[in-house]
Amino acid sequence: MQNLPIVIAHRGASGYRPEHTLAAYELAINMGADFIEPDLVITKDGVLIARHENEISETTNVASHLEFSNRRTTKLIDGEFKSGWFSEDFTLAEIKRLRAKERIPKIRPHNINYDGLYEIPTLQEIIDLVQRKIVETKRTIGIYPETKHPTYFRYLDLALEEKLLEVLSANGYKGKNAPVFIQSFEVGNLEYLSAKTDLPLVQLINDKGQPYDFLLQGDERKYIDLVDLAGLKQIANYAQAIGINKNLLVPQDASRKLLPPTNLVENAHLAGLLIHVWTFRNEDNFLPLNFQGNPQAEYQLFFDLGIDGIFSDYPDLAVKVLQGN
Ligand code: G3P
Ligand code: CA
């Protein structure tokens, strides 16, 4: 019998607390999530911290710190110009003076109550939390770190990969059965990692665009070109799982109505890959037309298709559906 799918708390229980804070991760664990998902960027002094992007003004109060006003700048990040404040221009001590805030206050006004309360956590602090919760709950709780902007940071001489392996190894995460999945939207850094570690690796696949390292190399393949059986077998040479945009498994038409599922679960399994799917959220803005007001039905549809894991902003509901409640 197939194992139950894992519930991965996307940026923590980010539906209930500002994303990528220890409070969001701890709440997710309390809600029964199997894994918590830190997206990782890096500071000027080489410390891995949890943020979804290196431009930090959308999810922190950096803009209100007058002492940092002259750090505001514009940079070319993965082919797009971005203006704001960037993690690589701050030491960890400076980052620790900031506080997290809700990314989407209009959609999640309840989270504004937590703005300004929480620090930006380091990867080490997240692991410390997980280790403490493992003792407290007597459950296996995994971490699912994502390397953000890996080519960009390597170019700045702030490569993420070695630091990540160093921190994981120092905390006892070793071998293919460790409760860790390392994920990336790029391909080259996963291939590089596969030669350096036995820890499970995950190729992220979006429903549009292409890996940024492909673009730099003049490789014209898009993400969509990676999901036929031949592409999946290629991924299986360096990764143990794919992490896909849910639209690749159950597409939607222009009116956001669901279309019949593709055979991606079957093909991923044929290629020997686990298949994890993102991102599940309760709000109607993110739900297909068929399931407005009924996020439970979306979970059930994907669980019934035989997926191996789900990324959710509301892990309590994912767990509830999985348990048949
Ligand atoms: O990492 C998979 C999932 O988190 C989707 O990507 O953009 O939310 O980091 P993102
Ligand atoms: Ca992510």
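The values are calculated or read from the model by the stated rules, or taken from the named source; none is laboratory data. Nothing here was measured: the structure is a model prediction, and the numbers come from that model. Using ideal geometry, Cβ is built from the backbone for each residue, glycine included, and neighbour counts are taken over all protein chains shown. We work out accessible area using only protein heavy atoms, side chains counted, and drop any ligands, DNA or RNA first. Shrake-Rupley method; radii C 1.70, N 1.55, O 1.52, S 1.80 Å.
Details
- Taking θ as phi - 60° and the Karplus parameters 6.51, -1.76 and 1.60, the scalar couplings of region 163-172 work out to 4, 4, 5, 4, 5, 5, 5, 4, 9, x Hz in sequence order, x denoting glycine and proline.
- Descending by average beta-carbon neighbour count within 10 Å, the peptides 67-75, 38-46 line up as 38-46, 67-75, the highest first.
- Charge tally in the Cβ shell below 10 Å around residue 216, where Lys, Arg are +1 and Asp, Glu are -1, residue 216 excluded: -4
- In the elastic network of the chain, a GNM with C-alpha springs shorter than 10 Å, the most mobile of 161, 80, 94 is 80.
- Computed extension length for residue 285-residue 124: 54.6 nm, one decimal, from 0.36 nm per residue of separation with the Cα-Cα distance subtracted.
- Length gained on full extension, residue 262 to residue 215: 14.3 nm, using 0.36 nm per residue less the C-alpha separation.
- To put it simply, the accessible area of the chain at a 1.4 Å probe is 52 percent carbon and sulfur.
- Each label point was placed 7 Å from the Cα along the Cα-to-Cβ direction; for residue 233 and residue 117 their separation is 5.2 nm.
- The share of C-alpha pairs in the chain whose separation exceeds 35 Å stands at 17 percent.
- Helical mean residue ellipticity (222 nm; -39500 (n - 2.57) per DSSP H run of 4+; nearest 500) of the chain: -7500 deg cm²/dmol
- Positive contributions from Lys and Arg (+1) and negative ones from Asp and Glu (-1), summed over other residues with Cβ under 10 Å from the Cβ of residue 5, come out at -2.
- Local charge for residue 267 was computed over the other residues whose Cβ lies under 15 Å away, with Lys and Arg +1 and Asp and Glu -1, and equals -3.
- The chain - accessible surface per residue (Å², probe 1.4 Å): 43
- Cross-linked pairs 75/96; 44/163; 82/148; 163/222: Cα-Cα separations exceed 18 Å for 75/96; 163/222.
- Among 83, 312, 255: highest mean-square fluctuation, GNM of the chain, C-alpha pairs under 10 Å: 255
- Using Cβ point charges alone (K and R +1, D and E -1), the dipole size of region 242-318 about the Cα centre works out to roughly 180 debye.
- Considering only the chain, percent of DSSP beta bridges that pair antiparallel, nearest 5: 30
- Selected from 60, 137, 91 as most flexible by GNM, with the chain as the system and alpha-carbon contacts under 10 Å: 137
- Note on region 113-245: Rg/Rh from Cα positions, Kirkwood definition for Rh, rounded to two decimals, is 1.01.
- A protection proxy built from the mean count of other Cβ atoms within 10 Å ranks the segments 26-35, 8-17, most packed first, as 8-17, 26-35.
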